[in-house]
Amino acid sequence: MSNGPGGMERRRAERVPMPATGGSIAVVGARLVNASPYGMMIESPVAMARDAQLEVRLIVTGEKVDVLTRVAACTPMPRGARKVFGIGLEFTRIPDEVRERIRELLAFRAPARTA
């Protein structure tokens, strides 16, 4: 998890890396980099303004659902000659049952922690 200003953790849940192709969670029209029950990061060829509202169509275990997000961060990502941005999105409107389904799916994908 990343730290915000002053070293304070701002995320409510750890983001779990997603496979480059396929998977039980996907975003229509974008590559999903990582996800949590509260947000996600996607790759975009276009930079997006912080705090912009964005409606996104998720596919969670085959079911399509539209969710409202807020752009929390936009960071250039090195991809050779291609210009790509990592867009950190916070879910601002998502059905509770979809958030819970994401939480359950990610519990199986979360990396093991070492003490």
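The values are calculated or read from the model by the stated rules, or taken from the named source; none is laboratory data. Predicted model only: the values in this text are computed from it and were never measured. We place every Cβ from the backbone using ideal geometry, glycine too, and count neighbours over all the protein chains shown.
Laid out as a table, the results:
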quantity	calculated
Test: residue in region 56-70 that is over 20 Å from Pro19 (Cβ atoms), loosely packed, with under 15 Cβ neighbours inside 10 Å and among the polar types (S, T, N, Q)	no
Test: residue in region 78-87 that is at pLDDT 95 or above, assigned to a strand (DSSP E or B) and not β-branched (Val, Ile, Thr)	yes
Residue match in region 48-62 (condition: under 16 Å from Arg15 (Cβ atoms), of a type in the set (Lys, Arg), modelled with pLDDT of 95 or more and in contact with a strand residue (DSSP E or B) (Cβ under 9 Å, 6 or more places away or on another chain))	no
Flag if Asp66 is acidic (Asp, Glu), in contact with a strand residue (DSSP E or B) (Cβ under 8 Å, 6 or more places away or on another chain) and not in a strand (DSSP E or B)	no
Candidate set from region 88-100 (those that are assigned to a strand (DSSP E or B), within 13 Å of the chain's Cα centre (by Cα) and of a type outside the set (Gly, Ala, Ser)); member that is surrounded by the fewest Cβ atoms within 10 Å (Cβ to Cβ)	Thr92
